[in-house]
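Notes follow once the structure below has been shown.
The values are calculated or read from the model by the stated rules, or taken from the named source; none is laboratory data. Note that the structure is predicted; figures quoted are calculated from it, not measured. Quick reminder, even Gly has a Cβ in these numbers, built from the backbone with ideal geometry, and neighbours come from all protein chains shown. Calculation scope for accessible area: heavy atoms of the full protein, side chains included, ligands and nucleic acids excluded. Shrake-Rupley method; radii C 1.70, N 1.55, O 1.52, S 1.80 Å.
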Amino acid sequence: MNDGLPPLREIVARHGLDARKALGQNFLFDLNLTGRIARAAGPLESATIVEIGPGPGGLTRALLSEGAAKVIAIERDARCLPALAEIAAHYPDRLDIVEGDALALDPAALVRERGSGGPARICANLPYNVATALLTRWLAVEPWPSIFDRYVLMFQREVAERIVATPKERADYGRLAALCGWRTRARILFDVAPAAFTPPPKVTSSVVELVPNPTPLPCDARLFSRVTQAAFGQRRKMLRQSLKALGVEPLTLLDAAGIDPTRRAEEVEITGFAALARALEEANRPAPRDHAQTDG
Ligand code: SAM
């Protein structure tokens, strides 16, 4: 990719962008790799891409040169803004830089305000210290599906395995896999070795694709979250014990959901958690008013 901009390493040196651990900064300078990640979020021609943490702009440049109609890039580190402004000037009207904390911003609202009008996606080499918190927020929104038709995201390999796990991979199957499996189809696209980053992290990374499931099993996202929190909060205990944390008799919930009370969280499929969330909603529903007492 020759996009006519100076090499990334020169930009980093000129703006003094030494990587900061506290901001999860591990930069990508390999243009083959940034191009590969950008193409995984394609076709890009009419798309709006929200990128979290553009840093000096390696992936941002790849997304733009691969043809994204619009990139909305959220960066917390003000030191990166002059470098990003150079890219914005090179691609007029196609790069919007938002300075701020991605945890405090609603990416869907940004797309509605500034998007190209075409499909919207999130593509990012995520800061590892807030990566799961960001994904959890994006996938718990109501209503579902959200405005985004795909998420292409880099995580540490260990987190990627926890995203795509099923009850077959018991050690990795937990709240994150339940949420991702409920609302999306998630798969690992490819691994990225530590040497691809500057500075290199200690562990291998993976690029994960999550495609929203347009019709996830119906249940309330907050109740799904409460049920999986209770169940996996004591993952070695049987559900008849761990679900006591919900404040409703576990056997009532488990009976309504058709689940054996001696099962443990890691043995329950996503259909089971959705059924438990619906049973909890039912149990919490106020009893209908007694007409004999209140009417007339
Ligand atoms: N995209 C660049 C690349 O691939 O070379 C940098 C990726 S680096 C792993 C993560 C980036 O996220 C850094 O630029 C960091 O400053 C930024 N960042 C960290 N926490 C953030 C937050 N809460 N909101 C937005 N950006 C954040």
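Brief remarks on what is shown
Conditions (1) away from the ligand (no atom under 11 Å from the Cβ); (2) crowded, with 24+ Cβ neighbours inside 10 Å; (3) touching a residue at least 12 places away in the same chain (Cβ under 8 Å), marked per residue:
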site	(1), (2), (3)
Arg76	no, no, yes
Cys80	no, yes, yes
Tyr91	yes, no, yes
Glu99	no, no, yes
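- Scanning region 106-160 for residues that are open to solvent by 50 Å² or more (accessible area, probe 1.4 Å) and among the charged types (D, E, K, R) gives Asp106, Arg112, Glu113, Arg114, Arg137, Glu142, Asp149, Arg157, Glu158.
- The residue of region 170-179 that is farthest from Ala196 (Cα to Cα), among those that are open to solvent by 30 Å² or more (accessible area, probe 1.4 Å) and out of contact with any Asp or Glu (no Cβ under 7 Å at 6 or more places or on another chain), is Arg175.
- One residue stands out in region 15-41 among those that are within 18 Å of the chain's Cα centre (by Cα) and away from the ligand (no atom under 12 Å from the Cβ): the one that is surrounded by the most Cβ atoms within 10 Å (Cβ to Cβ), namely Ala41.
- Each residue in region 38-51 was checked for being modelled with pLDDT of 95 or more and touching an Asp or Glu at 6+ places or on another chain (Cβ under 8 Å), and 4 pass.
- Scan of region 1-46 for residues that are within 30 Å of Gly118 (Cα to Cα) and touching a Phe, Trp or Tyr at 6+ places or on another chain (Cβ under 8 Å), ordered by number: Leu8, Phe27, Leu28, Arg36
- Within region 114-146, the residues that satisfy the criterion of being more than 16 Å from the ligand (Cβ to nearest atom) and touching a strand residue (DSSP E or B) at 6+ places or on another chain (Cβ under 9 Å) are Arg114, Gly115, Ser116, Gly117, Gly118, Pro119, Ala120, Leu139, Trp144, Pro145, Ser146.
- Considering each residue of region 57-65 in turn, none proves to be under 24 Å from Thr204 (Cα atoms) and away from the ligand (no atom under 13 Å from the Cβ).
- Among residues that are open to solvent by 20 Å² or more (accessible area, probe 1.4 Å) and either basic (Lys, Arg) or touching a Leu at 6+ places or on another chain (Cβ under 6 Å) (or both), Arg9 is included.
- Screening Ala186 on (1) of a type in the set (A, V, I, L, M); (2) buried (at least 20 other Cβ atoms within 10 Å of the Cβ); (3) over 23 Å from Ala124 (Cβ atoms) shows it passes everything except condition (3).
- Remark: Ala160 falls outside the filter, which requires a residue to be in contact with a helix residue (DSSP H, G or I) (Cβ under 7 Å, 6 or more places away or on another chain) and over 21 Å from Asp220 (Cβ atoms).
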